[in-house]
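Beneath this line is the structure, given in structure tokens, with notes to follow.
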Amino acid sequence: MTRMQKLLIHREIDKLRQHVLALSALVEASVHGAVKAVHERDPARARSVIDGDPEIDQAEVDLEEECLKILALHQPVAGDLRYIVAVLKINNDLERIGDLAVDVAERAEMIAARRPCEIPFDFDGMSVKVMSMLRKSRDALVEADAQLAYEVLGSDDEIDAINRGMYAMATRAMLERHDSIETLLLTVGISRSLERIPDHANNI
């Protein structure tokens, strides 16, 4: 590979890195908006997350096309090739996180239309940990920071523990509050969706 070819491919990879950052920012904003919609019982915020999903889907398609274009035109090798293949896989994980944010937002919209009911698990603690994992996974990729990646991999157990405890608390709450069963079931769905986001952060 000539010096000019190396220069061109590094320029393309820098652009790719910026596209990954842009998609990550969209996804993080979507998760944050969905969490806020639950916390504030805000149907307008929930609807904004749902309506913003096509933008994430299109960004995912654009990023994949960019990766394939680089592979076809520049035939990268070694570290450059590994990075592009990793971005292709990460791209899919980011899109799935966006889908999970929509799942949370849809339930938030339904909860907002019902009588207020206390969420029977540590929703705030769970959402803070999920957002932290998501940010760290992005930073680990962009900064090629292996130590930060290990921190992400070590954080999943805490979120799993909150999710497991949620089932017992939700079941007890349903026995005590028969008039809130539908709302409580929606919160169970929210916990499940939030718990799945770290799985994708681990993949990243």
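For region 115-144 and region 18-45, what is the separation of their Cα centres, given in Å? Using only Cα atoms, the two centres lie 11 Å from each other. Surface composition of the chain: carbon plus sulfur atoms contribute 53% of the solvent-accessible area (1.4 Å probe, protein chains only, all chains present). Straight-distance candidates among the lysines for linking to LYS15, with alpha-carbon spacing under 28 Å and chain neighbours fewer than 8 residues away dropped: LYS6, LYS69, LYS89, LYS136.
Here, P(r) means the percent of Cα pairs in each 10 Å bin from 0 to the largest distance; for the chain it is 9, 32, 30, 17, 9, 3, 1, 0. Scalar couplings 3J(HN,Hα) for region 147-160, obtained by applying the Karplus form with A = 6.51, B = -1.76, C = 1.60 to θ = phi - 60°, are 4, 5, 4, 5, 4, 4, 5, x, 9, 5, 4, 5, 5, 4 Hz; x denotes Gly and Pro. Once backbone amide H atoms are built at 1.01 Å from N, GLY52 has no partners under 5 Å, excluding neighbours fewer than 5 places away on the same chain.
Each residue of region 16-31 is assigned a 3J(HN,Hα), and the resulting list reads 4, 4, 5, 5, 4, 4, 5, 5, 4, 5, 4, 5, 4, 5, 5, 5 Hz, derived from the Karplus form 6.51 cos²θ - 1.76 cosθ + 1.60 (θ = phi - 60°), x at Gly and Pro. Exposed loop sites here are GluC sites (Glu not before Pro) assigned a DSSP state other than H, G, I, E or B and surrounded by at most 16 other beta carbons within 10 Å; excluding them, the longest clear run of the chain is 1-117.
The HN-Hα couplings worked out from phi for region 77-85 by the Karplus form 6.51 cos²θ - 1.76 cosθ + 1.60 (θ = phi - 60°) are 9, 6, x, 5, 5, 4, 5, 5, 5 Hz, whole numbers, x standing for Gly and Pro.
The values are calculated or read from the model by the stated rules, or taken from the named source; none is laboratory data. None of these values were measured; they are calculated from a predicted model. Methodologically, a virtual Cβ is constructed for each residue, glycine included, from the backbone with ideal geometry; neighbour enumeration extends over all protein chains shown. These accessible areas exclude ligands, DNA and RNA; they are computed on the full protein's heavy atoms, side chains included. Shrake-Rupley method; radii C 1.70, N 1.55, O 1.52, S 1.80 Å.
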